[in-house]
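What follows is calculated from the coordinates using simple rules that are stated; it is not laboratory data. From a predicted model like this one, the values you see are computed outputs, not experimental measurements. All Cβ positions, glycine included, derive from the backbone under ideal geometry; neighbour counts span all protein chains shown.
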Amino acid sequence: MGLMPARIIPLHDDRSLAVAMSPAAGPPSLPLADTLARPLRDLRISVTDRCNFRCGYCMPKQVFDKHHEFLPHADLLSFEEITRLAGVFTGLGVEKLRITGGEPTLRRGLETLIAMLARLRTPDGRVPDLTLTTNGSTLVKKAAGLRAAGLKRLTVSLDGLDDAVFQRMNDVGFPVATVLDGIAAAQAAGLGPIKVNMVVQRGVNDDQILPMARHFRHSGVVLRFIEYMDVGTTNGWRMDQVLPSAEVLRRIAAEWPLQPLSHSAPGETAQRWAYADGGGEIGLISSVTQAFCGDCNRARLSTEGRLYTCLFAHRGHDLRALLRGEPVDDAQLARAIAGVWTGRSDRYSQLRGTAQAAAEPRVEMHYIGG
Ligand code: SF4
């Protein structure tokens, strides 16, 4: 195996799982809350560790080169395993399922998985919010099929409108026009509201902030600006490369007056702003300068079935071993997951820069889907 075993092995600690799973533990008391009283509401499911881009802030080409060994297919959770786990999470309070990667549309038969997940229901019969994050590279071909399979909406990553800037960032020479055509195809397929996420790096693409804002005003697309983050261990992050959201806001407000909007859902990561002239909405995701760990309700399932309780986690809990080991029923799985969540205390962004936060290597973002 390439990079991961040498430097980023997600440690899994099965001891806590065994205790939590024992029938003596009894059914989890709902709603679940972690040690900081945060509920479990949002599950991000990585369906592949592969991607056709090599964005420097996530999967730098010099690290994830042609020698990098991606996970063998047999190691990936099957669609049945993903759906079973998602069903258990939904029974524990999860209301939103986000499909991620790597680039999730590279997973063969993704539409089949979407259709399986779209049949899930919360304990009170509601349909979980089913969404997907993609780099948009395949949307022209895939949007209609994803919609027909039951996907509700999606988020597209696009870091600039200028081809030279965007291609420098995706590092595979992928053109902006194809992503824009993909967004149009998704809109035409009824996959909305569509969000576009732009990771802003000072001195790299911050000159694209206004062109992007101008392009998506009056388009129905919600454009969000993400502060560049120190995810994983391979992107060489430095604080002086971060352009604070406050500066992004200042630049846009200088062109188009903005009004604050309230959160649309508990635990939402973006601060929302509306153009005063009705030109639509933007969002600012400020994990570095305005940490939002206080109401973080997100769990992450890695491509091969490890449960992570933070984007910057040092270790994961191996749920796949439970699925493929001694037979366990869903009640045992629920107790295992509840045991992990109720013991959760992650708040990396609040601790960034402290010795505690820097103590161990962080899991790679492409492996747990951002
Ligand atoms: S740093 Fe971790 S705990 Fe904080 S908001 Fe991000 S994922 Fe949640």
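If you build a Gaussian network model of the chain, linking Cα atoms that sit under 10 Å apart, which residue out of 185, 359, 291 swings the most? With Cα springs under 10 Å in the chain, the top fluctuation among 185, 359, 291 is at 359. Rounded to the nearest 10 degrees, the inclination of helix 245-255 to the longest alpha-carbon principal axis of the chain is 30 degrees.
Net charge near residue 81, counting Lys/Arg +1 and Asp/Glu -1 over other residues with Cβ under 9 Å of its Cβ? Value of the local net charge: +2. When shorter helices are ignored and each DSSP H run of at least 4 residues is given -39500 (n - 2.57), the per-residue value for the chain at 222 nm works out to -8500 deg cm²/dmol. In terms of overall dimensions, the chain has a Cα radius of gyration and Dmax of 19.9, 61 angstrom. Annotation for segment 53-107: trypsin sites (Lys or Arg not before Pro) lying in DSSP loop with at most 10 further Cβ atoms inside 10 Å of their Cβ are 66.
Of all beta bridges that DSSP places with both ends in segment 223-370, some 75 percent have antiparallel geometry. Shown for the chain: lysine pairs separated by 8 or more places, or found on different chains, whose C-alpha atoms are under 28 Å apart, numbering 14. The modelled label-to-label distance between residue 24 and residue 330, using points 7 Å beyond Cα along the C-beta direction, is 2.7 nm.
Give the shape of segment 170-224 as rounded, prolate or oblate, defined through the alpha-carbon gyration tensor: a ≥ b ≥ c are the square roots of its eigenvalues, a/c under 1.5 means rounded, and otherwise the shape is prolate if a/b is larger than b/c and oblate if not. Verdict is oblate for segment 170-224.
Helix 176-188 sits at what angle to the longest principal axis of the chain, using alpha carbons and giving 0 to 90 degrees rounded to 10? It works out to around 70 degrees.
Please identify which residues in segment 193-225 have an amide N closer than 19 Å to a label point set 7 Å out from the Cα of residue 250, following the Cα→Cβ vector. Flagged as within label range: 200-211, 213, 225. For residue 73 and residue 163, a Förster radius of 35 Å and the Cβ-Cβ distance give a FRET efficiency of 0.55, rounded to the nearest 0.05. In this structure, the amide hydrogen of residue 313, modeled 1.01 Å from its nitrogen in the peptide plane, lies closer than 5 angstrom to those of 363, counting only residues at least 5 positions away or on a different chain.
Scanning residues 5 or more positions from residue 99 or on other chains, those with amide H under 5 Å from its amide H are 45, 131, 132, 133, with H placed 1.01 Å from N in the peptide plane. Helix 79-91 and the longest principal axis of the C-alpha atoms of the chain enclose an angle of approximately 90°. Summing Lys and Arg as +1 and Asp and Glu as -1 over all other residues whose Cβ lies under 9 Å from the Cβ of residue 210 gives a net charge of 0. Each DSSP beta bridge with both residues in the chain is either parallel or antiparallel, and the antiparallel ones are about 30%.
If you wrap the Cα atoms of segment 39-144 in a convex hull and average its projected area over all directions, you get 7.8 nm².
Counted by Cβ distance under 15 Å from residue 247, the other residues give a net charge of -2, where Lys and Arg count +1 and Asp and Glu count -1.
Backbone phi angles across segment 47-60, fed through the Karplus curve with coefficients 6.51, -1.76 and 1.60 (θ = phi - 60°), yield HN-Hα couplings of 9, 7, 9, 9, 8, 9, 10, 9, 4, x, 7, 10, 9, x Hz in residue order; Gly and Pro are listed as x.
Residues whose amide H comes within less than 5 Å of that of residue 157, counting only those at least five positions distant or on another chain, are 134, 135, 136, 197 (H built at 1.01 Å from N in the peptide plane).
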